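The values are calculated or read from the model by the stated rules, or taken from the named source; none is laboratory data. Everything quoted here is computed from the prediction, not taken from an experiment. Here Cβ is always computed from backbone atoms with ideal geometry, including for glycine, and neighbour counts include all displayed protein chains.
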């Protein structure tokens, strides 16, 4: 694969890469889920029963869909869950694990994809759908997308929704040689976007407020469904609901699935499966970029400045405070981005 990047000579790369490794050491390394919004402002030990944990592990691919689960299988499944979400691997339902089980998340299972680790032992954790499917249209690859006019959300105008998805698609298009073009033809569009409630005919019913936020199907299916029951928001200053969900954050994540990426265990990656209410994670992380470029190649216009063109502020909460790294949603820093660019060119 040929990458087109600004040249990085060995000396600056060594320095930047050292900072990159330091960053990774400091910050250890597909549906979104919760019911009680107070758990995001208070931090008591979560109250989750063993049967509820087993149901969660079954829902996201870690256990078979039956009740005959022995203790050894349960511990192994819980350990895989902890590994896939970048948690301490204890094999026990500790507070960190229980908190993640209660978080809103993407509906796509975690434990059905083949892990792919990047070279240089940089702890990359991007993954693919089984069989590594991708869009295979003739180059240049142009994908159309359309919105179901019968399935929108009452919280946002069609103009706001279109603007959000335009930004979200642009983030992925900036790093790979793929163009996304909006069309009015929902039936024939490659990517079909809509807000649906409950059982909407695809075998994956939504579950109401929080819980599963959205789900997407692997290439070249193109269906991208969002839960209509959510309080979707584009501006937390205007939308005051404690359970408001940032549409752009979810859109960026689900488009990654549309392109063929599974869930990442890197907590600051766009493809990490969970997202707290009233939080934002709209920028691609190094892990997301390397993963999607391994499927489609590199956009020849991809540069440091194009990656930094997306929002670079740290995750904002409604009160303007910053989320701590331990809370699992961290934005890419300039050091990380520079290291990645040099890493791809090395």
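Quick one: would you say residue 313 is over 17 Å from the mean Cα position of the chain (by Cα), modelled with pLDDT under 90 and not in a loop (DSSP other than H, G, I, E, B)? Talk me through it step by step, then tell me what you get.
Details: over 17 Å from the mean Cα position of the chain (by Cα): yes; modelled with pLDDT under 90: yes; not in a loop (DSSP other than H, G, I, E, B): no.
It is false that residue 313 is over 17 Å from the mean Cα position of the chain (by Cα), modelled with pLDDT under 90 and not in a loop (DSSP other than H, G, I, E, B).
Among residues belonging to the stretch 139-161 that are surrounded by 15 or more Cβ atoms within 10 Å (Cβ to Cβ) and assigned to a helix (DSSP H, G or I), point out the one that is nearest to the chain's Cα centre (by Cα).
Ranking the candidates gives 161 first.
Mind listing just one residue for me: the one in the stretch 112-132 that is modelled with pLDDT of 50 or more, touching a helix residue (DSSP H, G or I) at 6+ places or on another chain (Cβ under 9 Å) and part of a loop (DSSP other than H, G, I, E, B) and, of those, surrounded by the fewest Cβ atoms within 10 Å (Cβ to Cβ)?
Step one: filter the stretch 112-132 for residues modelled with pLDDT of 50 or more, giving 112, 124-132.
Now narrow it down to the ones that are touching a helix residue (DSSP H, G or I) at 6+ places or on another chain (Cβ under 9 Å): 124-129, 132.
Now narrow it down to the ones that are part of a loop (DSSP other than H, G, I, E, B): 124-126, 129, 132.
Working: 124: 27, 125: 23, 126: 29, 129: 20, 132: 16.
Only one residue tops the list, namely 132.
Checking residue 87 against (1) in a loop (DSSP other than H, G, I, E, B); (2) within 20 Å of the chain's Cα centre (by Cα); (3) farther than 30 Å from residue 300 by Cβ; (4) modelled with pLDDT under 85: exactly one of these is not met. Which one?
The failed condition is (4).
With respect to residue 109, determine if the residue is under 23 Å from residue 272 (Cα atoms), assigned to a loop (DSSP other than H, G, I, E, B) and either modelled with pLDDT of 95 or more or within 18 Å of the chain's Cα centre (by Cα) (or both).
Yes, satisfied.
Scanning the stretch 252-263 for residues that are part of a helix (DSSP H, G or I) and touching a strand residue (DSSP E or B) at 6+ places or on another chain (Cβ under 8 Å), which turns out surrounded by the most Cβ atoms within 10 Å (Cβ to Cβ)?
253
Inspect the stretch 302-310 for any residue being at pLDDT 90 or above, in a helix (DSSP H, G or I) and either within 28 Å of residue 129 (Cβ to Cβ) or not assigned by TED's automatic domain parsing to the domain that holds residue 193 (or both) and give the result as yes or no.
no
Out of 195, 169, 180, 206, report the one residue that is surrounded by 15 or more Cβ atoms within 10 Å (Cβ to Cβ) and assigned to a loop (DSSP other than H, G, I, E, B).
Among 195, 169, 180, 206, only 206 is surrounded by 15 or more Cβ atoms within 10 Å (Cβ to Cβ) and assigned to a loop (DSSP other than H, G, I, E, B).
Given the residues 236, 195, which is the only one that is at pLDDT 95 or above and in contact with a helix residue (DSSP H, G or I) (Cβ under 9 Å, 6 or more places away or on another chain)?
Just a single option satisfies the conditions, and that option is 195.
Per-residue answers, yes or no, for (1) under 24 Å from residue 302 (Cα atoms); (2) assigned by TED's automatic domain parsing to the domain that holds residue 268; (3) out of contact with any strand residue (DSSP E or B) (no Cβ under 6 Å at 6 or more places or on another chain):
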site	(1), (2), (3)
176	yes, yes, yes
188	no, yes, yes
211	no, yes, yes
215	no, yes, no
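Can you name every residue in the stretch 60-78 that is in a helix (DSSP H, G or I) and buried (at least 17 other Cβ atoms within 10 Å of the Cβ)?
74, 77, 78
Would you mind stating whether residue 244 is surrounded by fewer than 17 Cβ atoms within 10 Å (Cβ to Cβ) and either at pLDDT below 95 or more than 17 Å from residue 143 (Cα to Cα) (or both)?
Spelling it out, it is not the case that residue 244 is surrounded by fewer than 17 Cβ atoms within 10 Å (Cβ to Cβ) and either at pLDDT below 95 or more than 17 Å from residue 143 (Cα to Cα) (or both).
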